[in-house]
Amino acid sequence: SSLLYFAPGLLDELLVVVRADEADLIGRHLSGWRELPIRVVVEDEHFPAFRRYSRPWQVRPWQRQQVIKLNAPAMTDARFVLTLDPDVLARQPVTRELLLPDGRALLESEPRAVHPRWWRDSADLLDVEPGLDRPGMNVTPAVLSTDVIREVQERLEAVGRRHWMDILLTSYCDWTEYTLYLLAAERAGLVERDHVWAGSPA
């Protein structure tokens, strides 16, 4: 309801990712929101790794939702995706121009010193420096470039020599989707192409 009130027309699609055993129940609930461009995505169709790593200690819910975000290019052709956890509400008007000034995604900063372990662990997986003295990025909601997400996947596979989902789901450290994202974007030189920092003159 907050999206309908504060952000009508913001989204081309609103993807709701669900487990197969909950798809019917959630689908019935979502049928009451016909004004929103909702598309239900069933995990089984895009996340075979979740079947391979099905023990409770292998796929923690926190990791599961991070892997879902990092698989966005498999679920949409959009150049940018807005990640929304279920607890995110709009509280004031939101437009594409606000989130994508001049076609680049707004990037909200947070000092890397707030969660240095996240940056170090993600840097280890990507074989890059954590750059703890550089600006980091804040967490959900965030606007992500699908090109950068692909760069995360490719870099993980180049370093780890396995499918990126397998690497993440068997790396029992504190990597996060957003620390991996910004580190990979920096390495590939994509930050300035795809993003503008919130609060900057640009």
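Quick notes
- Hz values of 3J(HN,Hα) by residue in the range 107-120 - Karplus curve (6.51, -1.76, 1.60), Gly and Pro given as x: 10, 8, 8, 8, x, 5, 5, 5, 9, x, 5, 4, 5, 5
- When the Cα positions of Val40, Ser1, Thr95 are compared along the charge dipole of the range 1-108, Val40 comes out farthest toward the positive end, with charges on each C-beta of Lys, Arg, Asp and Glu.
- Where only DSSP H runs of four or more residues are counted, the chain gives -11000 deg cm²/dmol as its mean residue ellipticity at 222 nm, each run worth -39500 (n - 2.57).
- Accessible surface, the chain, averaged per residue in Å² (probe 1.4 Å): 55 Å²
- Whole-Å distance, taken between Cα centres, linking the range 147-185 and the range 20-57: 23 Å
- Between Arg19 and Ala198, the modelled label-to-label distance comes to 3.2 nm, taking each label 7 Å out from Cα in the direction of the beta carbon.
- Cleavage-rule hits, trypsin sites (Lys or Arg not before Pro), the range 1-68, DSSP coil, Cβ neighbours within 10 Å at most 11: Arg34
- Near Leu15, the amide H atoms lying under 5 Å from its own belong to Arg39; only residues 5 or more places off or on other chains count, and H is placed 1.01 Å from N.
- Sparse-neighbour loop sites [trypsin sites (Lys or Arg not before Pro); the range 120-167; at most 10 other C-beta within 10 Å; DSSP]: Arg161
- Ellipsoid semi-axes in whole angstrom, largest first, where each is sqrt(5λ) of the Cα gyration tensor of the chain: 26, 24, 14
- Annotation: for a label point projected 7 angstrom from Cα along Cα→Cβ of Gln65, residues of the range 142-177 with backbone N closer than 14 Å are 142, 177.
- For the range 1-75, averaging the sequence separation of C-alpha pairs within contact (under 8 Å, six or more residues apart) and dividing by the residue count gives a relative contact order of 30 percent.
- Simple label model, 7 Å out from Cα along Cβ direction - Ala74 to His29, nm: 2.4 nm
- Sites matching chymotrypsin sites (Phe, Trp or Tyr not before Pro) across the range 114-202 that sit in DSSP coil, with at most 14 neighbouring C-beta atoms within 10 Å: Tyr172
- Fraction of accessible area attributable to carbon and sulfur, the chain (%, probe 1.4 Å): 52 percent
The values are calculated or read from the model by the stated rules, or taken from the named source; none is laboratory data. All values derive from a computational prediction rather than experimental measurement. Reconstructed Cβ throughout: ideal geometry from the backbone, glycine too, with neighbour counts over all protein chains shown. The protein model used for the area step is the full one, side chains on, heavy atoms only, and it has no ligands, DNA or RNA in it. Shrake-Rupley method; radii C 1.70, N 1.55, O 1.52, S 1.80 Å.
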